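Here's the structure, in structure tokens; my notes come after.
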Amino acid sequence: MREREDRQDIGELLIRYATGIDRRDWSLFRTVFTGDCELDYGQIRSWRGVDRVTDFMEQLHAAAGHTLHRITNQAADVQGRSRQAAFESI
């Protein structure tokens, strides 16, 4: 039962991430991450801390037009009870 709840939580987190960006609601976007988060977007960049990633996303999307994230076919691999979760959107 807990795995199903974890999968639902991950799905809701992805929706908050996308909605925060699309609405330019940076307060909502910040709720996706812990204050001490570490993000690695590969060749794009990596960040430490919610302030840095939020600042980057806000600057990046300020010049962008309307965005509309679509999230479908979520596959989550929930392993253990650590603070980390691996997921991908297919």
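The values are calculated or read from the model by the stated rules, or taken from the named source; none is laboratory data. Keep in mind the model is a prediction, meaning the values are calculated, not measured. These accessible areas exclude ligands, DNA and RNA; they are computed on the full protein's heavy atoms, side chains included. Shrake-Rupley method; radii C 1.70, N 1.55, O 1.52, S 1.80 Å.
So here's what we get for this one:
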{"item": "Percent of Cα pairs exceeding the 18 Å cut-off, where the set is the chain", "result": "51 percent"}
{"item": "On Cα atoms only, tilt of 50-62 relative to the major axis of the chain in degrees", "result": "50 degrees"}
{"item": "Heavy-atom accessible surface of the chain: percent carbon and sulfur, 1.4 Å", "result": "48 percent"}
{"item": "Residue-averaged 222 nm ellipticity for the chain, from DSSP H runs of 4+ at -39500 (n - 2.57), nearest 500", "result": "-13500 deg cm²/dmol"}
{"item": "Residue-normalised accessible area of the chain, given per residue in Å² at a 1.4 Å probe", "result": "75 Å²"}
